[in-house]
Amino acid sequence: MAERILIVEDESTLRTNIARYLSRAGYNVSSVETGRAAIAELDRSTFDLVITDLRLPDIDGLAVLDHVRVTSPESFVLIMTAYASIESAVEALRRGAHDYVLKPMSLADLQSKVEHIARYHRLNRENARLRTLVRGDSDAMTLLRKGGRAMTDLCDMIEKVAASTANVLLLGESGTGKELVARAVHERSERASGPFVTMNVSAVPDSLVESYLFGHERGAFAGADQAREGLFRAATGGTLFLDEVGELPLPLQAKLLRAVESKEVLPVGADRAIHVDTRIVAATHCDLPAMVADGRFRQDLLYRLQVVELRVPALRDRKGDVAQLAKHFVEMHARAQRKPVRAIAPEAMTLLSTYGWPGNVRELSNVIERAVILSSGDALTPVDLPAELAAARARAAEEGHDDGAHRPRTPAAAALTTDAACNLEGATVAFHRDHIARVIDRAGGNREAAAKLLGLSPATFYRYLQKVGLKGYQAET
């Protein structure tokens, strides 16, 4: 697999010569002339090596280096500098650059350094792949295996599918973790050392989907001042994950079919097709057979994508997984937010376990992240969780069952169910009263702020206070 290289050099002749020389040596080369253009390119794609001049017309090469170290620490950086700036080159090495080359340079010497870095990079990737095999589970698989029987069965299927070269179609509701499954398929395959590239079709304007997928030539359309290789080429040697593939415009489905069948892409504005070696893992929450029947999705494309089909179950169908996933998200978000949260109080876990999770694993992760941010202790409590979780549990108890089944509803309907929950008596009211009192205390007695923390309108919040006996409550000082 050819290493992907980004060249950042404002002198056009030198930039062109380096790009041409390294391309002829078999590398996949892109080039830009400014530091900000480099950062934009780095945010769009992953590169194995960035070759940047220290002196650029806008920001310097050290800023580009710093961006690489933060956003893509596995990438290598090679600094180009004049002899007079040797101290800056040493500073670049101290800040994480792999090597530097002095100007004026020999292209052969530059290629020698690039080859050395490429060999080192391949060795690192192979070592990572071997460590994954020895460890037995990739990071994605580790998280997936935290689930119960349904997820264990899914992981067993992933192992079998990953060993093949077949394209895969993932089915399931939004938020169930289809991208995590796609990543697990990639990590367990022979392509694990290659790139894993993702595209959410629904997030890209229809007019840009073709350029994103297949690339474009410079000047192919208004605003195309730089050539773009496209995600198919970016994923060569690895896996391209197409999320929400059911949203792909019908005219582009034919072009995707051609790319999948022929393993060639035709960039916008190009005269010749380019070979790609890319495995496709697609995902959707749509009913594709129904879309085929309605003429909104090509049947031949469905057959090509659906060589193997994996269904990711909704979180409400695997309630036993919530506790393990919640603990995992507490660890993850507490580390990211630098908070001391380490556990979930039993009362809070009860609310989490009995909620219906219409947004699935994504919603659970978001709820835990919000709770970690709001928490002031080392364990999450009910006061840290959205009020809707307590309302859903109260509603289930009122209806005579406690499965926490939950369906999306309008804000008005949600307010009504919250009011209904306030009509309960006994332990449930006591729980709500303590919960709301703690929120008011946290908001310093500001009731509008407390309502906002609970996700309630002020009017609903005041009705809530009256029904649980807190109308005159004053915050503790």
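Please figure out what share of the DSSP beta bridges in the chain is antiparallel and state it in percent, rounded to the nearest 5. Of those bridges, close to 5 percent are antiparallel. Pairs of Cα atoms nearer than 8 Å and 6+ residues apart set the relative contact order; for segment 4-133 it is 20 percent. A quarter of the convex hull surface defined by the alpha-carbon atoms of segment 4-133 gives 7.7 nm² as the mean projection. Farthest toward the positive end of the dipole of the chain, out of Gly172, Gly469, Gly215, is the Cα of Gly469, where the dipole comes from beta carbon charges about the Cα centre. Only aspartates and glutamates eight or more places from Lys255 in sequence, or on another chain, were considered; those with a Cα closer than 14 Å are Asp206, Glu210, Glu264, Asp300.
Under a point-charge model restricted to the Cβ atoms of Lys and Arg (+1) and Asp and Glu (-1), what is the dipole moment magnitude of the chain relative to its Cα centre, in debye to the nearest 20?
Details: 60 positive and 63 negative charges, 132 e Å.
The dipole magnitude comes to about 640 debye.
Stick to the Cα atoms of the chain, pair each with every other, and give me the Kirkwood hydrodynamic radius in Å at one decimal. The partial results should precede the final answer.
Details: mean 1/r = 0.0389 Å⁻¹.
So the Kirkwood estimate lands at 25.7 Å.
Applying 1/(1 + (r/R0)^6) with R0 = 35 Å to the Cβ-Cβ distance of Asn366 and Val90 gives a FRET efficiency near 0.20.
With n ≥ 4 as the cut-off for DSSP H runs, can you work out [θ] at 222 nm for the chain, using -39500 (n - 2.57) per run divided by the number of residues, rounded to the nearest 500?
Taken over the chain, the calculation gives -15500 deg cm²/dmol.
Remark: relative contact order (segment 255-405) = 18 percent; criterion is Cα-Cα distance under 8 angstrom and separation of 6 or more residues. For the chain, the relative contact order is 10 percent, taking Cα pairs closer than 8 Å that sit 6 or more residues apart in sequence and dividing their mean separation by the residue count. Each residue, Arg24 and Ala459, gets one label point 7 Å from its Cα in the Cβ direction; the gap between the two is 7.5 nm.
If the limit is 29 Å between Cα atoms, which of Lys113/Lys178; Lys160/Lys263; Lys146/Lys339; Lys160/Lys339 go over it? Before the final figure, lay out the partial values.
Details: Lys113/Lys178 40 Å; Lys160/Lys263 23 Å; Lys146/Lys339 23 Å; Lys160/Lys339 39 Å.
From Lys113/Lys178; Lys160/Lys263; Lys146/Lys339; Lys160/Lys339, over 29 Å: Lys113/Lys178; Lys160/Lys339.
With only Lys, Arg, Asp and Glu charged, each at its Cβ (+1 for the first two, -1 for the last two), find how big the charge dipole of segment 4-133 is about the Cα centre; round to the nearest 20 debye. Result for segment 4-133 is approximately 580 debye, rounded to the nearest 20. Charge dipole (Cα centre; +1 on Lys/Arg Cβ, -1 on Asp/Glu Cβ; no other charges) of segment 137-313 amounts to roughly 240 debye. The P(r) of segment 170-264 has a tail past 17 Å containing 55 percent of all C-alpha pairs.
Ordering Ala336, Gly320, Val367 by Cα displacement along the dipole of segment 316-385 toward the positive end leaves Ala336 in first place; charges were set at the Cβ atoms of Lys, Arg (+1) and Asp, Glu (-1). The Cα atoms of segment 137-313 give a gyration tensor whose axes a ≥ b ≥ c have a/c of 1.5 or more with a/b greater than b/c, which makes the shape prolate.
Values quoted throughout were computed directly from the atomic coordinates according to the rules given, and no laboratory measurement underlies them. Owing to the predicted nature of the structure, the values given are computational and were not obtained by experimental measurement. Every residue, glycine as well, gets a Cβ built from its backbone with ideal geometry; the counts of neighbours run over all protein chains shown.
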